[in-house]
1. Could I have the simple spin-label model distance between residue 188 and residue 143, label points 7 Å from Cα toward Cβ, reported in nm to one decimal?
2. Equivalent-ellipsoid semi-axes (√(5λ), Cα gyration tensor) for segment 53-148, whole Å, largest first?
3. Cut-off 10 angstrom, C-alpha nodes, Gaussian network model of the chain. Which of 112, 33, 213 fluctuates the most?
4. In the P(r) worked out for the chain, what percent of Cα pairs fall beyond 22 Å?
5. Would you look at the GNM of the chain, springs on alpha carbons closer than 10 Å, and say which of 36, 121, 132 moves the most?
6. Using alpha carbon centroids, what distance separates segment 5-57 and segment 142-168, in Å?
7. Under a point spin-label approximation (7 Å from Cα along Cα-to-Cβ), what is the residue 71-residue 176 distance to one decimal in nm?
8. Between 74, 133, 118, find the one with the highest GNM mean-square fluctuation for the chain; connect C-alpha pairs within less than 10 Å.
């Protein structure tokens, strides 16, 4: 079986678009539809035909190109059952535990409410990759527009259960700003200090900081580290329940 191909490209001001291609079947999916023209350009450059849209949530920078791409390509739109009424052109609804296939490759769907009420993520264990939309970012997590801290922490724990080597493809290039906040709550985290230097150097070279790995996020992302005594002490919640630590961390980020 040929290796699953992922092509990443910039969209809008700070989004990433992703095309996922199975060479054996010739099938291609786009993860969300942040901007139509860059998606077409990426397809054309590789000679790929769009067969599927895998939506993570309803926000316009994720589903705004659905109808145009569907009318142009005849692709099938797959998206969250909990948000079906807000996903333009949706053909198939999926939720927790469902499987979405691209040729021989299977993506497990997980409900991850918090950023929105119906957010989902797609995990392909065979390929060691996860497309997490706006639930998890490199050194960050999504703002809680429609969900509660408890919902988001539960959602993040699903991602935390994946293997450490999983490549995490998130939807935005927010990493430099996220690093500044992360250092404010864990200023003595040696892994984070080193990573911050790497991030600054990569961005100075014009390189993306995405994808990341789950193992790296576990060591440096404050939203995955409410059990860190260092973080708990910095924000004044030593020994408190993890969801309280997470909630306070998210509140501090909103104010940062």
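1. 3.3
2. One finds semi-axes of 20, 18, 12 Å for segment 53-148.
3. In this elastic network of the chain, the residue with the biggest mean-square fluctuation among 112, 33, 213 is 213.
4. Roughly 53 percent, once rounded to a whole number.
5. 36
6. Going from one Cα centre to the other spans 24 Å.
7. 3.8
8. Between 74, 133, 118, it is 74 that shows the largest mean-square fluctuation.
Each value in this text was obtained by applying a stated rule to the coordinates, not by laboratory testing. Quick caveat: nothing in here was measured; it's all calculated off a predicted structure. As a convention, Cβ positions derive from the backbone with ideal geometry for all residues, glycine included, and neighbour counts pool all protein chains shown.
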